[in-house]
1. Okay, helix-only estimate at 222 nm for the chain: each DSSP H run of n ≥ 4 adds -39500 (n - 2.57), divide by all residues, round to 500 deg cm²/dmol; what do you get?
2. Work out the P(r) tail for segment 367-418: percent of alpha carbon pairs separated by more than 19 Å, whole number.
3. For segment 309-431, state the average projected area of the convex hull of the C-alpha atoms over all orientations, rounded to one decimal in nm².
4. Ranked from highest to lowest mean number of other Cβ atoms within 10 Å per residue, what is the order of the peptides 408-417, 238-247?
5. For the chain, give me the percentage of DSSP beta bridges that are antiparallel, rounded to the nearest 5 percent.
6. What order do you get for 210, 368 when you list them from fewest to most C-beta neighbours inside 10 Å?
7. Could you please state, rounded to a whole Å, how far the C-alpha centre of segment 80-125 is from the C-alpha centre of segment 186-227?
8. Between residue 63 and residue 278, what length comes free when the chain is fully extended (0.36 nm per residue of separation minus the Cα-Cα distance, one decimal in nm)?
Ligand SMILES: Cc1cc2nc3c(=O)[nH]c(=O)nc-3n(C[C@H](O)[C@H](O)[C@H](O)COP(=O)(O)OP(=O)(O)OC[C@H]3O[C@@H](n4cnc5c(N)ncnc54)[C@H](O)[C@@H]3O)c2cc1C
């Protein structure tokens, strides 16, 4: 390991681990508050990432950090709806967001190519004054007397240095640096799926306003496909199901798994048949997880570094952006108050936990073959609006009436006991 000439650690108000959507959002919010923020990003952007379908309630966060003009000027297809398709190929009436929200704002969202979207988010953070350093890997969370004081960083040439800050934000994505190193990472009791995906060029796109729709197409009793139209004539297609099912008969190769499942849904089969697969076949397991704690003294977790939920309702980027904004504001307040204790972030943790739990309940209902969203809304029309809200990512509200309607058909899980601040050692820590 090489070291830099010793000039003492660098100092800033907040150091952010990871330059994905959650890290860039938190950092941009803090920079807008006038804070000195450094993002450390392991990769050189643009880099590949999955997570391409946005949902309407990404809008408030994108508006807050000034991303909307960039998205409106982009080539990303507009997404107006989500539809569900039965294994036989029968498509439901799409859920059009503009039937409930303003067509010119929240109701309009996008299907993005993450390499381009994440680059835009990073450029935007820099424009707002964030010091973003690519090819800088955080190798250690630094602690003193039990509280976090910053990070040790490795540059691409192998040299290392320290950055000290009163608050560190962990936005390291599924690597979940802090949760993994502190043994806070907890799997979900049931949502332990595997995803396999690839890309097509020239596959079929539905006409008109449905061109950018997300389609969720069922594999009988087992799982589902996503079909996400992107720009440049590309479509992202993936299948999600239990690992045991996807790897039955000892098949482990992602390409073989993927093509074995395609005929399981007639709509998917028809839509990809004129297209050409392009690029790699990807696979990921270790699916849904949460960190037991949302914070520690001098540390806050955001986005996937805090928790990841099965992507059936495309909630990941929304939760990343939402937690990024909330964490940015909470850290700014902590800096104003000179209090960086774990407990200072209790309200932040409770808000994010509420959103994830509401979405998680709906995901559980989705995976129960006895449940049909259409049946539930036909029988209880008064919950249609709430269902659309939850599916659209407006998750910070009381959904008791909605989940009571679902309880006639399925068990709705209790909240997991997570999202609290870790029992920190300190209160009112001076900067
Ligand atoms: C199969 C699948 C399908 C999905 N589909 C969707 C979808 O359709 N819509 C949706 O909204 N979401 C989807 N998601 C979820 C989405 O990908 C994530 O929720 C989202 O990317 C989270 O953003 P983030 O900023 O928290 O993490 P990330 O986007 O993962 O960013 C984390 C960043 O941290 C960097 N990093 C990690 N470790 C270090 C380190 N030690 N030092 C420095 N940098 C580090 C990484 O390089 C990375 O750039 C999907 C996920 C999966 C697995």
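1. Value at 222 nm, helices only, nearest 500: -9000 deg cm²/dmol.
2. On the way: 335 of 1326 pairs.
Everything past 19 Å amounts to 25 percent.
3. Details: hull surface 33.0 nm².
Computing the convex hull of the Cα atoms and averaging its projections yields 8.2 nm².
4. Details: 408-417: 13.4, 238-247: 19.3.
So the peptides 408-417, 238-247, ranked by packing, come out 238-247, 408-417.
5. Numbers: 53 of 78 bridges.
Percentage antiparallel, nearest 5: 70.
6. Working: 210 17, 368 14.
By the 10 Å Cβ count, ascending: 368, 210.
7. Here the two parts' Cα centres lie 13 Å apart.
8. On the way: separation 215, 0.36 × 215 = 77.40 nm, distance 3.37 nm.
Contour length minus the Cα-Cα distance gives 74.0 nm.
Where a number appears in this text, it was derived from the coordinates with a stated rule and is not lab data. Everything numeric here is computed off the predicted structure, so don't read it as measured data. Every residue, glycine among them, receives a Cβ derived from its backbone with ideal geometry; neighbour counts consider all protein chains shown.
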